[in-house]
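Working notes, beginning with the structure itself.
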Amino acid sequence: MGDTEQRRSIEFKKCLNEIGKKLTDEQLESLKFLCSDYIGRKRQEEIKSPLNLFQALEERDKLRYDNTSFLKEILLTEKREDLVKYIETFEAQQQIFTDSNPTQNSGTRLNARGSQRQPPVHEDARWCEVFDLVENNLGRNWRQLARKLRLSETEIECISEDHSRRLREQGRQALILWSEKNEDATFQDLVTALRRCQLNDIADQLVKKIASWDNQ
């Protein structure tokens, strides 16, 4: 999943989270019944919340940020036109954002000294080196760092779900998402966040790497 897709997926899951809060237990049971052609009885018994249901639909390719037709259909069956409009508003906002940011996949950011613009992380060699260094040493501490970088709990859970079997990739995606959300992010911001997590060994390694670039 590319960086843009990752961002859209996370934003969509935030939307689903808000929809879930507006559904009653009775409506959840009715929606589960409407999904019985796609979700078996055993799996349905495991579904205890709207988010569980949405996840099950995603697993069966019936729901995605760019494929909401089935969800809107069953919500209409439950006469929840308000939630259908909520989804459509979300989709319209995403389209406006895409149209108004034609360079979002080739955006800019600051270099190590914060003084000049550089390509996005997937094209910037120095950012890639930094992310390699951090992810190689971060391990299960990635969630702690993500919180210090002010990623939301929903964003953290989305990353965990999307890369459930790849611990290092979870850490990398958290770093990428943070940098994409903060176009003025600097290496020093990352060093500060690491130290706030008491991950001083990684912070020290990063400081040495940055210093080596300045001395070149």
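Taking the stated definitions as given, is Asn17 without any contact (Cβ under 8 Å) to a residue 24 or more places away in the chain and within 26 Å of the chain's Cα centre (by Cα)?
Criteria not met by Asn17.
Quick check on segment 36-95: of everything there that is among the polar types (S, T, N, Q) and in contact with a Lys or Arg (Cβ under 7 Å, 6 or more places away or on another chain), which residue is farthest from Ile19 (Cα to Cα)?
Gln44
Provide a single number: the residues in segment 141-156 that are touching a residue at least 12 places away in the same chain (Cβ under 8 Å) and more than 12 Å from the chain's Cα centre (by Cα).
Number of matching residues: 8.
Could you pull out every one of the helices (runs of 4 or more DSSP H) wholly within segment 31-130 that has 2 or more residues that are in contact with a Leu (Cβ under 9 Å, 6 or more places away or on another chain) and modelled with pLDDT of 80 or more?
Helices (runs of 4 or more DSSP H) meeting the threshold: 50-59, 69-77, 81-100.
Which ranges mark the helices (runs of 4 or more DSSP H) fully within segment 158-216 that have 2 or more residues being closer than 15 Å to Ile10 by Cα and in the same structural domain as Asn141 (by TED's automatic domain parsing)?
167-181
The values are calculated or read from the model by the stated rules, or taken from the named source; none is laboratory data. Here the structure is a predicted model, which means the values were calculated and not measured. With ideal geometry, Cβ positions are generated from the backbone for all residues, glycine too; neighbour counts draw on all protein chains shown.
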